[in-house]
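Take a look at the structure below.
What follows is calculated from the coordinates using simple rules that are stated; it is not laboratory data. Nothing here was measured: the structure is a model prediction, and the numbers come from that model. When we count neighbours, we look across all protein chains shown, and the Cβ atoms used for this are built from the backbone with ideal geometry, even at glycine.
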Amino acid sequence: MAGGPVPPPPAGPSDEAARARLRALMARGAAFLGSEYAILGGAMSWISERNLVSALSNAGAFGVIACGAMEPPRLAEEIAATQALTDRPFGVNLITMHPRLDALVQVCLDAKVGHIVFAGGIPPTPAIRKAKEGGAKVVCFAPALALAKKLVRSGADALVIEGSEAGGHIGPVSLNVLAQEILPAMAAEVPVFVAGGIGRGEAMVSYLEMGAAGVQMGTRFVCATESIAHPRFKQAFIRGAARDALPTVQLDERFPVIPVRALQNDGTKQFLVHQAEVIRRHQSGELDKTAAQLDIEHYWAGALRRAVIEGDVENGSLMAGQSVGMVTKEAPVAEILAELTAQAAAALTARAA
Ligand SMILES: Cc1cc2nc3c(=O)[nH]c(=O)nc-3n(C[C@H](O)[C@H](O)[C@H](O)COP(=O)(O)O)c2cc1C
């Protein structure tokens with residue numbers, strides 16, 4: 001939960017007016033999602049499964065299943081299980097480089113999932129077309145203005161702009177800058193949701209006032225009571241500060257490393273040692289460049305699962321955004337949302353004063 005004093009439960013006409021204003025600011029995003037609040041629970045591999053996703057949707061936000069590396073039958077099972085827990089809308093996040101992307105889109109369409117979020121790269125136009133022709137709304141991540149325009153031309157119905165403050169795989173630009181570059185140009189065309197580092201309602205309001213249709217948050221929901229993340233994973237989040245959630249460090253420009261923001265642990269320290277060792281073996285002629293690159297990439301395979309599911313918080317991957325410092329306890333999704341919306345309403349009341 002967010003640090004600092006929780007605003008007292010406000011009441012009276014000014015709070016009602018502020019909540020009405022918040023609903024107005026969120027109206028377009030909420031209508032697009034079919035939810036009460038224009039708040040997406042950002043898909044998090046291993047964490048965003050039936051329990052957290054249905055809890056988010058049931059509480060008025062919009063849950064998104066993280067497909068990750070799931071095969072089509074496994075995704076179909078997860079969607080059906082989620083539908084059994086909520087009759088409200090939720091989405092599915094598909095990673096564009098998944099070798100069975102087309103089949104995964106079909107699984108979503110067969111299950112009448114209303115929103116498909118394409119992540120992890122620019123989605124192939126045929127995948128966007130198939131999703132739309134099948135009746136789903138398409139949401140894409142736009143890492144820059146030119147790509148935002150291209151994605152909308154290709155059929156994206158909404159965009160997410162995710163700043164480098166976010167947890168997990170990140171781009172190089174902060175949300176502060178992306179929002180200024182992309183919202184004025186794109187907000188009139190399609191709903192744009194903002195993500196990365198959002199931890200309190202005041203920040204939500206600021207982005208909504210800049211033209212965002214809504215927000216997406218991941219880190220803030222990891223310690224939801226309904227999240228299946230291992231207690232040790234949650235404990236690491238509760239202890240973690242913003243400065244502990246750092247992007248992966250690349251040792252040698254010849255061997256690129258995908259930037260992932262995570263809490264530092266033995267695994268991140270060991271990754272530096274591992275890179276140095278692989279580079280040494282490459283220089284001595286023991287490994288060719290391709291083998292060395294693969295060896296570096298392989299280091300984190302399965303690491304998120306080890307931390308989230310098995311609780312290996314020393315060596316696994318503790319993907320977390322900078323907003324981790326605002327996670328201070330485990331709490332039900334409904335309580336987290338109530339706190340965020342109370343903060344947002346208090347900010348709007350203060351503006352009106
Ligand atoms: C543990 C973890 C796993 C994530 N996995 C995914 C994923 O599988 N697909 C994806 O598109 N984004 C993933 N994300 C990013 C979130 O969906 C979301 O955009 C991000 O958490 C927003 O930033 P915040 O953490 O500062 O709120 C992940 C984030 C975290 C913290």
If you bin the C-alpha pair distances of region 166-238 every 5 Å from 0, what whole percents do you get? 3, 15, 23, 19, 16, 11, 8, 4, 1
What size of dipole, in debye to the nearest 20, comes out for the chain about its Cα centre when the only charges are +1 on Lys and Arg C-beta atoms and -1 on Asp and Glu C-beta atoms? 520
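Counting only helical runs of four or more DSSP H residues, what would the 222 nm mean residue ellipticity of the chain come to if each run contributes -39,500 (n - 2.57) and the total is spread over all its residues? Can you show the working numbers first?
On the way: 14 runs with 160 residues, N = 353.
The helix-only estimate for the chain comes to -14000 deg cm²/dmol at 222 nm.
Among 227, 164, which comes first, then next, by fewest other beta-carbon atoms within 10 Å? Walk me through the numbers before you get to the answer.
Values: 227 24, 164 20.
Going from sparsest to densest Cβ surroundings: 164, 227.
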When all C-alpha to C-alpha distances in region 124-278 are sorted into bins of 5 Å, what percent of pairs does each bin hold, rounded to whole numbers? 2, 8, 15, 16, 16, 15, 13, 9, 4, 1, 0
Output the 0 to 90 degree angle, nearest 10, between the alpha-carbon long axis of helix 266-283 and the longest principal axis computed from the alpha carbons of the chain. 40
Taking GluC sites (Glu not before Pro) as exposed when in a DSSP loop with at most 11 other Cβ atoms inside 10 Å, the chain has its longest clean stretch at 1-252
Once you have the alpha carbon radius of gyration of region 241-308, what is it after dividing by 2.2 N^0.38 Å, with N set to its residue count? 1.16
For region 298-353, would you read off the P(r) tail past 13 Å as a percentage of all alpha carbon pairs? 73
Principal axis dimensions, region 253-353 - Cα atoms, whole angstrom, descending: 69, 31, 18
In a Debye calculation with equal point scatterers on the alpha-carbon sites of region 15-174 and no solvent, what is log10 I(q)/I(0) at q = 0.17 Å⁻¹? -1.01
Residues 299, 37 arranged by fewest to most Cβ contacts within 10 Å: 299, 37
Share (percent) of C-alpha pair distances in the chain greater than 30 Å works out to 36
In degrees from 0 to 90, rounded to the nearest 10, what is the angle of the helix 101-110 Cα long axis to the longest principal axis of the chain? 30
Calculate, in nm to one decimal, what residue 80 and residue 206 gain on full extension: separation in residues at 0.36 nm each, minus their alpha carbon distance. 41.7 nm
Nearest 10 degrees, 0 to 90: what angle lies between the long axis of helix 333-352 and the longest principal axis of the chain (Cα atoms)? 60
Report the trypsin sites (Lys or Arg not before Pro) located in region 235-295 that are in a DSSP loop and have at most 13 other Cβ atoms inside 10 Å of their Cβ, or state none. 254
What FRET efficiency comes out for the pair residue 298/residue 20, r = Cβ-Cβ distance, R0 = 35 Å, nearest 0.05? 0.10
Net charge contributed by nearby residues that have their C-beta within less than 9 Å of residue 115 (K/R +1, D/E -1): 0
